[in-house]
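A short worksheet on the structure shown next.
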Amino acid sequence: MWVMKLIVILFIPFFFFILLFLLSLFFAENYATMDSSDSSFECGFESNFISRIPFSIQFFSMSVIFLLFDLEVIILLPLITSQVDFYIKCFYLSLIFFILLMGLVLEWFDGSLEWTK
């Protein structure tokens, strides 16, 4: 008997939300959209300037490379100074730094680091 009560208790809010959703769809359909409200300026004048600031991909790539190498120097290189497993840490950190350096050389020869093209 308690299962039926639980089903009824769970069904009533579910039915209420479905009914509320269907009513909102029914009433929302009566509103007409205006073409001018879809544009960025509702006054009717066309804009003569670009509304967003142009973004330089070269600047973004240079900043990502700077952050990558800066974080590598700040976080990874001080680990070499610890005395436990010095040679193993030095090898792995040198390997990580070498992979990053090869990526930098690849971007350099690819021309991705050129400021103007």
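The values are calculated or read from the model by the stated rules, or taken from the named source; none is laboratory data. Note that the structure is predicted; figures quoted are calculated from it, not measured. Backbone-built Cβ (ideal geometry, glycine too); neighbour counts: all protein chains shown.
Within the stretch 99-117, residues that are more than 21 Å from residue 72 (Cβ to Cβ) sit with their Cβ atoms under 6 Å from residues that are surrounded by 10 or more Cβ atoms within 10 Å (Cβ to Cβ) and modelled with pLDDT under 85, at 6+ positions apart or across chains, in these pairs: 115/58.
Restricted to helices (runs of 4 or more DSSP H) entirely inside the stretch 17-117, those with at least 2 residues that are modelled with pLDDT of 80 or more are 57-71, 86-110.
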